[in-house]
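Only one structure is covered here, and it is reproduced in the block below.
The values are calculated or read from the model by the stated rules, or taken from the named source; none is laboratory data. Everything numeric in this text was worked out from a predicted model, so none of it was measured. Glycine gets a Cβ as well: all are built from the backbone with ideal geometry, and neighbour counts include every protein chain shown. With ligands, DNA and RNA removed, areas are computed over all heavy atoms of the protein, side chains included. Shrake-Rupley method; radii C 1.70, N 1.55, O 1.52, S 1.80 Å.
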Amino acid sequence: MRRMTLARAVAAALLALLAVACGGGRGGTVGTVPAVTGIDWTVDSVTVGGTTLRAPARAHLKIEDDRAAGSFGCNRFSGTAQITGDQFRLSHVRTTRMACDNARMTFERTLSRTLTSGPLTMTGEGGKLTLTASGGDRVQLSRA
């Protein structure tokens, strides 16, 4: 009887360790969804419809609890952030209204539309984060 109880305890401990190693039930692998809050993220690029636009040097994003703020490349923004599992949603965005050159404004409009297009799936590891929309458009970020 004592051997059976010990065997069950060991089996339960192994199952618990396996669940943690596999992402705690998120259905992903270790490192699939990195910590994203409290980190200064530099926007590297945005890809829409198969076309990739490189970000201007100032484009960045920081998520804190239920808020997000940063720069689309020309104008600063802030908005409501919601993270649920591996999903990120940005809404109620407010921006400054500065005018910049055409390349920056084109990037800014593209990034803004992509980030606010609905829930984005977060994946990444090693200081990189990718936010992907349901249609495949994506934003690439790096830890600043």
What does the extension gain come out to for Arg76 and Ala57, with contour length at 0.36 nm per residue minus their alpha carbon separation?
5.5 nm
In terms of modelled amide H atoms, which long-range or inter-chain residues lie less than 5 Å from the amide H of Asp40?
Ala144
Determine the share of the range 47-109's accessible area contributed by carbon and sulfur atoms, expressed in whole percent, with a 1.4 angstrom probe.
49 percent
Which residues in the range 85-122 place their backbone N less than 20 Å from a point set 7 Å from the Cα of Thr42 along the Cα-to-Cβ direction?
104-105, 107-108, 111-112
Hey, got a sec? Which trypsin sites (Lys or Arg not before Pro) in the range 79-126 land in a DSSP loop and have at most 14 other Cβ atoms within 10 Å?
Arg97
If you take all C-alpha pairs in the range 81-144, what percent of them are over 19 Å apart?
38 percent
